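**Student:** Right, I'll just put the structure down here and ask away after.
The values are calculated or read from the model by the stated rules, or taken from the named source; none is laboratory data. Please read these numbers as outputs of a predicted model, since none were measured by experiment. Virtual Cβ from ideal backbone geometry, glycine too; neighbours counted across all protein chains shown. Surface accessibility is based on the protein's heavy atoms, side chains included, excluding ligands, DNA and RNA. Shrake-Rupley method; radii C 1.70, N 1.55, O 1.52, S 1.80 Å.
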Amino acid sequence: MNEEFLYRDVPAFGHKVFRLGLATNYGVSGEDLDWALEQGVNYVFWTSTARRVTTSLKAALKRDRKSILLASGPTIGYFGGSIRRACERLLKKLDTDYLDVFQLFWLGRTSALTSSTIDALVSLKESGMVRSIGVSIHDRKRAGELAQDSPLDMLMIRYNAAHPGAERDIFPRLDKRRPAIVAYTATRWRGLLKRPKGWNGPVMTAGDCYRFCLSNPNVDVVLTGPKNRLELQENIHDLREKGPLSEEENRWIRDFGQVVHEASSRFTFGF
């Protein structure tokens, strides 16, 4: 087992994390969450739609609050007052005193970063209701700017073999402040798990997708959104058994990702 690959001390979180984070809103149950926590998973992304895990998550937080990095945010985040109220509701819903990560979702689409929303985020952090603040964002150039100059502690970004543009637009701009980087859409909504027309080589597994993300030293955590326990088990097993990509794996995965990108018109955000 490669401990340096699986675990990382993340200064922006003030915590050591298991680098495969669990998104709980794709089908896993409370029992699956409990199993994941037993395996060492400690970064938990929860939204109010993840009702199947809420009871188990609350119980886990009561058992050992410090062992879990809990990330969440408001469904809509356009106004400072509503953002603060959303945080208060989340704390009450989960019966906890603080959130480890409080983030605005899909910046520019379902939330906005304005003087009002920034002030609300900073105020929540200063009050101790949240430990760190962040956003999820698809606009890579803006994300690079926020990495260099903003109060944000975390950026949740799209990064996968078909969309590696963060390597150009975001990662070179991290040195100044070093916000935490959480990658999502690692499988490109499962598009990287299918054979594209004209490709005769191996096809990526979900584990390969997560290994690709985590093999980049700029990525602190990658989210997995399994539908069930079996998928979750396979994803954790692959990381533990295979570790970072070899040079040969990296080459074929990048070639494969480019073919997938070129063969599909599902997304229009650019390479």
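**Student:** Go through the stretch 136-158 and report how many residues are assigned to a strand (DSSP E or B) and among the polar types (S, T, N, Q).
**Tutor:** 1
**Student:** Being open to solvent by 10 Å² or more (accessible area, probe 1.4 Å), in contact with a Leu (Cβ under 8 Å, 6 or more places away or on another chain) and either at positive phi or not hydrophobic (A, V, I, L, M, F, W, C) (or both) is the filter here, so list the residues in the stretch 151-205 that pass it.
**Tutor:** P151, Y184, T187, T205, listed by residue number.
**Student:** Here's something else I'd like to know. Could you list all residues from the stretch 133-167 that are hydroxyl-bearing (S, T, Y) and touching a helix residue (DSSP H, G or I) at 6+ places or on another chain (Cβ under 7 Å)?
**Tutor:** Y159
**Student:** Residues that are more than 20 Å from E249 (Cα to Cα) and crowded, with 17+ Cβ neighbours inside 10 Å: does the stretch 213-221 have at least one?
**Tutor:** yes
**Student:** Which one of these does L232 not meet: (1) part of a helix (DSSP H, G or I); (2) of a type outside the set (S, T, N, Q); (3) at pLDDT below 95; (4) open to solvent by less than 50 Å² (accessible area, probe 1.4 Å)?
**Tutor:** (3)
**Student:** Another question about this same structure. Kindly evaluate G73 against the criterion of being open to solvent by less than 20 Å² (accessible area, probe 1.4 Å) and either modelled with pLDDT under 95 or within 20 Å of the chain's Cα centre (by Cα) (or both).
**Tutor:** Yes, satisfied.
**Student:** State which residue is farthest from the chain's Cα centre (by Cα) when the search covers only the stretch 159-184 and only residues that are assigned to a strand (DSSP E or B) and farther than 23 Å from R131 by Cα.
**Tutor:** H163
**Student:** Looking at G257, G207, which one is over 23 Å from W46 (Cα atoms) and within 21 Å of the chain's Cα centre (by Cα)?
**Tutor:** G257
**Student:** Do the conditions hold for R229, that is, is it closer than 18 Å to E262 by Cβ and in contact (Cβ under 8 Å) with a residue 60 or more places away in the chain?
**Tutor:** no
**Student:** Let me ask something else about it. Filter the stretch 76-120 down to the residues that are under 19 Å from W46 (Cα atoms) and aliphatic (A, V, I, L, M) and list them by number.
**Tutor:** Answer for the stretch 76-120, where residues must be under 19 Å from W46 (Cα atoms) and aliphatic (A, V, I, L, M): I76, I83, A86, L90, L91, L94, L99, V101, L104, L107.
**Student:** Oh, and also: I'd like to know if the stretch 124-137 contains one or more residues that are closer than 20 Å to R178 by Cα, touching a residue at least 40 places away in the same chain (Cβ under 8 Å), open to solvent by less than 30 Å² (accessible area, probe 1.4 Å) and not small (G, A, S).
**Tutor:** Yes, the stretch 124-137 has at least one match.
**Student:** Is there any pair linking a residue in the stretch 237-266 that is part of a helix (DSSP H, G or I) to one that is aliphatic (A, V, I, L, M) and open to solvent by 90 Å² or more (accessible area, probe 1.4 Å), with Cβ under 9 Å and at least six apart or on different chains, and which?
**Tutor:** Cβ pairs passing all conditions: R240/M1; E241/M1.
**Student:** Identify, by number, the condition in (1) out of contact with any helix residue (DSSP H, G or I) (no Cβ under 7 Å at 6 or more places or on another chain); (2) under 18 Å from F13 (Cβ atoms); (3) polar (S, T, N, Q) that N218 doesn't meet.
**Tutor:** Single failed check for N218: (1).
**Student:** Just to check your reading of the model, which residue among K141, K197 is of a type in the set (D, E, K, R) and modelled with pLDDT under 95?
**Tutor:** It is K197.
**Student:** Now for a different question. Under the condition of being more than 22 Å from the chain's Cα centre (by Cα) and over 25 Å from D149 (Cα atoms), which residue from the stretch 94-123 is least open to solvent (accessible area, probe 1.4 Å)?
**Tutor:** The selected residue is D95.
**Student:** Here's something else I'd like to know. Is it the case that some residue within the stretch 192-213 is touching a Lys or Arg at 6+ places or on another chain (Cβ under 7 Å), part of a helix (DSSP H, G or I) and in contact (Cβ under 8 Å) with a residue 40 or more places away in the chain?
**Tutor:** no
**Student:** Pairs, please: C-beta under 6 Å, at least 6 apart or cross-chain, first residue farther than 13 Å from S72 by Cα and open to solvent by less than 20 Å² (accessible area, probe 1.4 Å) and in the stretch 37-55, second β-branched (V, I, T) and at pLDDT below 95?
**Tutor:** Listed pairs, sorted by first residue: none to list.
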